[in-house]
Every structure is written in structure tokens, then in C-alpha cells.
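*Asks:* Below you'll find the structure I mean.
The values are calculated or read from the model by the stated rules, or taken from the named source; none is laboratory data. Computed from a predicted structure; not experimentally measured. Using ideal geometry, Cβ is built from the backbone for each residue, glycine included, and neighbour counts are taken over all protein chains shown. SASA here: full protein model, heavy atoms, side chains in, ligands and nucleic acids out. Shrake-Rupley method; radii C 1.70, N 1.55, O 1.52, S 1.80 Å.
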Amino acid sequence: MALTSSIISPRKFRQDVYSYSYQQSSNIPLVISVLASIIERTLSRNERIAKNCRFPLSSRSAKTRVFDCNETPDMTIQSYLERIFRYTRAGPSVYVVAYAYIDRFCQFYPEFRIGVRNVHRLLITTIMLASKYIEDLNYRNSYFARVGGLKTKEMNKLEVEFLFLMKFKLHVNVSVFESYYCHLEREVSIGGGYHIERSLRCAEEIKIKQREETRLDQIALFLL
């Protein structure tokens, strides 16, 4: 299937997020570019704030310092999210839920600031948990650790710490999902210029289809 590229609209973004196909998932979902744009802008804003602060931002976040790393990963947010997608094939809905987790986390801990030292660990942790929340099948923590550039022990610790810091409040209902999706959709309106190469399908629709296909296979085996 030949790839096409065109400037998308918010309407197209909606169609893409709710039309994801795992059979045609070799291309990077648009939501990754949109999420990367938001995170990058947040990093820039926090860097400006840090320059005007008397104390380092990390010193204000003792509880959340677990996400700090000693060395800043030499990888952009866009590249990091693309790497996670290529090796995990997590659908667009996973990134929307991960975005909701990050925002919820920042609301729980207003003193926390997303920065270059913690953003990569925060992303791999929230994406892994969002994948566990949404997807029927998931890779082990050891696999996510390798994808995210961490040791399995570190990945396990980040997961546990995040769960307790969030008080295990990871449920995202339909209305909450829609609100965060709409925020991402507005980002498309503001930023523009994003490109889409293939249509996507919602994870929930995939689950339904997979169950139907399994039922049909069972019927076929019975008839044989």
C-alpha cells in the first residue's frame, strides 16, 4: 500500500485516533507527534521558569525525584516516543491515556516540574501503565525497560512508585478520555502542519473485532 502524506485537520485527527488498525501499524501514529509537541513546549516553559528560580526545580519534588536520571538521554521526545511505538506497537489510545496520567500526576504534585532529567522515565512509565490498562496483550516490564533504556529493576521501581504516588487512581472513563483527546485535538488546530500517512482505529473497536474473530474461528473449528 503506497504511503500518502497531507496536512491534516482536527476532524482528520479524530478519524485517525478512532480508526486504528494493528494490521497496518508500521507508520507512526499522529498522536505521537502531537503529544511530543505538548511535552516539548512544557519543557521549554519549565526551563524558562527554572532560570528565574532561586532553587533547582528538582529540590522542590522530593517525592517524585525517583524519575530523575543522572545523565540526560541523548534523544528527543519525538524520537523517544517513536522508539516506544516501533517496539511495542501501542495504539493511539495508549498515548492519550498516558497523557491523562501525566496531567493527573502533575495535579497531584503541583511542585513537580517536567524536565529533561525526568521526562523520559515519566513517559515510559505512563505509557507502560496505560498499555496495561487498555491493551489485552502486553509485553513484560523487562521488555519495556529495554525499550526505554532502563534496567528491569529500575522499571519495576518506577512502576510501583508511580502507582503509590497516584494512589492507584489510574481509571480513565470515556468522558475523561474524550476530554484529553479534545485537548490533543486542539493542539492540532493550533500547531497545524502535522502529517498522517495511514488511518487508525480505536483500541476498543479492535478488542471487539478480535473477540468476534476468535468466536468465528472457534465455530469454524467446531464445524471441521
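*Asks:* What full-extension length gain, to one decimal in nm, is calculated for Leu165 and Lys132 as 0.36 nm per residue of separation minus the Cα-Cα distance?
*Replies:* 10.1 nm
*Asks:* Obtain the nm distance between the two label points defined at Asn156 and Arg89 by a simple spin-label model: each point lies 7 Å from its Cα along the Cα-to-C-beta direction.
*Replies:* About 2.7 nm, to one decimal.
*Asks:* What is the stretch 98-137 by shape, rounded, prolate or oblate, if you read a ≥ b ≥ c off the alpha carbon gyration tensor as root eigenvalues and call it rounded for a/c under 1.5, prolate for a/b larger than b/c, and oblate otherwise?
*Replies:* Note, shape of the stretch 98-137 comes out oblate.
*Asks:* Now a separate question. In whole percent, how big is the carbon plus sulfur part of the accessible area of the stretch 23-154, probe 1.4 Å, protein atoms only?
*Replies:* 48 percent
*Asks:* Show Ser37, Ser93 ordered by accessible area, largest first, where the area counts protein heavy atoms only and the probe is 1.4 Å.
*Replies:* Descending accessible area places them as Ser37, Ser93.
*Asks:* Using the alpha-carbon centroid of each, what span in Å lies between the stretch 127-183 and the stretch 66-113?
*Replies:* The stretch 127-183 and the stretch 66-113 have Cα centres separated by 9 Å.
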